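*Asks:* Got a structure here, written out as structure tokens. Questions coming.
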Amino acid sequence: MNFAKQVDVHKAYFNRQITHDLAWRKKQLLQIKKLVTENEQLCLDALKADLGKPALEAWITEVSYVAGDVDHMLKHLNKWAKKRKVSTPVVAQPGRSYIQPEPQGTVLIMGAWNYPLQLVLAPLVAVIAAGNCAVIKPSELSPATSALLAKLIPQYLDKKAVSVIEGGVEETTELLTYPFDHIMYTGNGQVGRIVMTAAAKHLIPVTLELGGKSPVYVDKSADLTITAQRLAWGKWLNAGQTCIAPDYILTTKDVAENLIIALKKQIKSMFGDDIKHNPHYGRIVNRRHTERIASYMGNGEIVHGGEVDLTTNYIEPTIILNPALDSAIMTDEIFGALLPIITIDSFDAAKTLVKSREKPLSAYIFSKDSQQTQSWINEISSGSQCINDVIMFNAVPDLPFGGVGPSGMGQYSGKAGFDNFSHLKSVLYRPFLKDLPVRFAPYTKLKFKLLRLIRHL
Ligand code: NAD
């Protein structure tokens, strides 16, 4: 197994400046859109096979998400790719200064299995928009989507610029030995560390889209019906396998009682009584993850749900009250259909608890108290935040997406993605006009005085 030739083809192509051309970039972006729209049913089928994804869910969060990303990028690409003028101080006059975004080269994109189409194609939109080549390595844990991407990408995109390598740890380990110009990895933090260590060898910049435990605080002022509806949607979308899903809820005891009642109502209204046979509810990706999630059932009191079927990787939407804070369900990222609710004494106690833990990918608060929400925004560091809803910031293409600290580094979506995969090159252009001799030796006291004066102009 050796991918050196493939990477070399992309590197040589990149050096011919073909991918720098804006018309080439736009054509490829349109082709990405065509890929998902012309093969919509194939995409939905693959996502159903990998994760039992309901068609509507798969369409919103993967197929149409990618198409929308292309539209947004095409709308703004001319502006974002332009040189960005900055002012030139007197010391550098006469002159013109600007930032010239330039492509980085060949980017390795490694996707995760939970949104297996979106998590490689959305980064690819940004990578191509910025004028790069790409090697894509979809997750081996979503084999139907991986195979579909391996088939369709060479049919739609410029083969010399973009290629797909399927496989798992062995292939990835090999790929990580090559001198890519940027590595974009989505997945867990443990592998994130492997990726960053490998990248360090060649000093390759990395974008790490990782996970973590995204907390939710629900205040007594919140509208519990709306809160429960939004929480139930965000938690059980893709059966809980969403990196920005609400991981656990913090609230006071009196609110918890009513919130549980409201959540139960929403579960019934969304998924009915026979959830196991309901096509509007997804499956856990494989048996290993089903067993892992099921093992958390013993932590805390199950106040709703609890059914597991290992043969079909089914886990019922489940609410667990007050597991110990040091139990596995409260230390691991759940990434599945279990929702712990922890009762705490106050809003301050909730903030203290969240701040004592690793910075999450997202953090949520449901409250009508504007002072409280502002203090949450100010004090809680997380990749993104949503007030009175969950996940929906991801539907705003101009909001950068990414983690902070252990939940990741680097951002994409819209302009943030374009900038992330560009090098923002600084350029100062100076004409051949004779300089004032102040900066040249011999250094005199007068020159010193003049320089001090100029510096403040
Ligand atoms: P995964 O198992 O699909 O792994 C991701 C990628 O890493 C795959 O391409 C895989 O082949 C590769 N990989 C796995 N083990 C490796 C190894 N030892 N060496 C080199 N490469 C290896 O996905 P996962 O990690 O189970 O994904 C779930 C995690 O991803 C969760 O923590 C979730 O929060 C996070 N996630 C983050 C985002 C985000 O955008 N921030 C999105 C989705 C998932």
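A short reminder: the numbers here are calculations on the coordinates, not readings from a lab. As the structure is a computational prediction, the values presented were derived from the model and not from experiment. Cβ coordinates were reconstructed from backbone atoms using ideal geometry, including for glycine residues, and neighbour counts include every protein chain displayed.
*Asks:* Please give the net charge around MET297, taking every other residue with its beta carbon less than 12 angstrom from that of MET297, where Lys and Arg add +1 and Asp and Glu add -1.
*Replies:* -3
*Asks:* May I pose another question? When averaged across all projection directions, what area in nm² does the alpha-carbon convex hull of segment 215-395 cover? The partial results should precede the final answer.
*Replies:* On the way: hull surface 37.7 nm².
About 9.4 nm², averaged over all directions.
*Asks:* Using R₀ = 30 Å, calculate the FRET efficiency as 1/(1 + (r/R₀)^6) where r is the Cβ-Cβ separation of PHE432 and LEU203; round to 0.05.
*Replies:* Using R0 = 30 Å, I get an efficiency of 0.25.
*Asks:* Could you work out the Rg to Rh ratio of segment 66-105, with Rh taken as the Kirkwood radius (inverse of the mean 1/r over all Cα pairs)?
*Replies:* 1.21
*Asks:* Here is a further query. Have a look at segment 1-129 and give its Rg and Dmax from the Cα atoms, expressed in angstrom.
*Replies:* Rg, Dmax (Cα atoms, Å): 18.8, 63.
*Asks:* Subtracting the Cα-Cα distance from 0.36 nm times the residue separation, let me have the gained length for ASP389 to ALA147 in nm, one decimal.
*Replies:* 83.6 nm
*Asks:* Report the longest stretch of the chain that contains none of the chymotrypsin sites (Phe, Trp or Tyr not before Pro) sitting in a DSSP loop with at most 10 other Cβ atoms within 10 Å. Please list the in-between numbers first.
*Replies:* Values: sites that count: PHE432, PHE440.
By the stated rule (loop sites, at most 10 other Cβ atoms within 10 Å), 1-431.
*Asks:* Just for the chain, what percent of DSSP beta bridges are antiparallel, to the closest 5?
*Replies:* 35 percent
*Asks:* A further question on this structure: Below 8 Å between Cα atoms, with a sequence gap of 6+, how large is the relative contact order for the chain in percent?
*Replies:* Details: 903 pairs, mean separation 83.3, N = 457.
Once normalised by length, the contact order is 18 percent.
*Asks:* Now a separate question. Between ALA4 and ARG84, what length in nm is gained on full extension when 0.36 nm per residue of separation is reduced by their alpha carbon distance?
*Replies:* The ALA4-ARG84 span can extend by a further 25.2 nm.
*Asks:* While we're here: May I ask you to list the aspartates and glutamates whose Cα is less than 12 Å away from that of LYS34, ignoring any residue fewer than eight positions away on the same chain?
*Replies:* Output for LYS34: ASP71.
*Asks:* Which FRET efficiency value, to the nearest 0.05, is calculated for GLU140 and GLN374 with the Förster distance at 45 angstrom and r the Cβ-Cβ distance?
*Replies:* 0.55
*Asks:* On a 25 Å Cα-Cα criterion, which of the cross-link pairs LYS265/LYS355; LYS33/LYS159; LYS26/LYS425 come out too long?
*Replies:* As for pairs spanning more than 25 Å Cα to Cα, those are LYS265/LYS355.
*Asks:* All other residues with a Cβ under 15 Å from the Cβ of GLN104 taken together, and with Lys, Arg as +1 and Asp, Glu as -1, what is their net charge?
*Replies:* Values: positive: LYS11, ARG25, LYS425; negative: GLU102, ASP181, ASP419.
Result for the local shell: 0.
*Asks:* Still on this model: Full-extension gain between GLN190 and HIS20, please, as 0.36 nm times their residue separation minus the C-alpha to C-alpha distance.
*Replies:* Length difference between fully extended and current span is 57.7 nm.
*Asks:* To check my understanding: the extent here is largest minus smallest coordinate of the Cα atoms along each principal axis. What are those three numbers for segment 197-285, in Å, largest first?
*Replies:* For segment 197-285, the Cα extents along the three principal axes come out at 54, 35, 16 Å.
*Asks:* Something else about it: Can you tell me the dipole magnitude for segment 215-395 around its Cα centre, using point charges on the Cβ only (Lys, Arg +1; Asp, Glu -1), in Debye to the nearest 20? Walk me through the numbers before you get to the answer.
*Replies:* Numbers: 17 positive and 21 negative charges, 68 e Å.
Dipole of segment 215-395, to the nearest 20 debye: 320 debye.
*Asks:* What is the projected area of the convex hull of the Cα atoms of segment 104-256, averaged over all directions, in nm²?
*Replies:* Result: a mean projected hull area of 11.0 nm².
*Asks:* Could you tell me, in Å, what Rg and Dmax come out for the Cα atoms of the chain?
*Replies:* 25.2, 88
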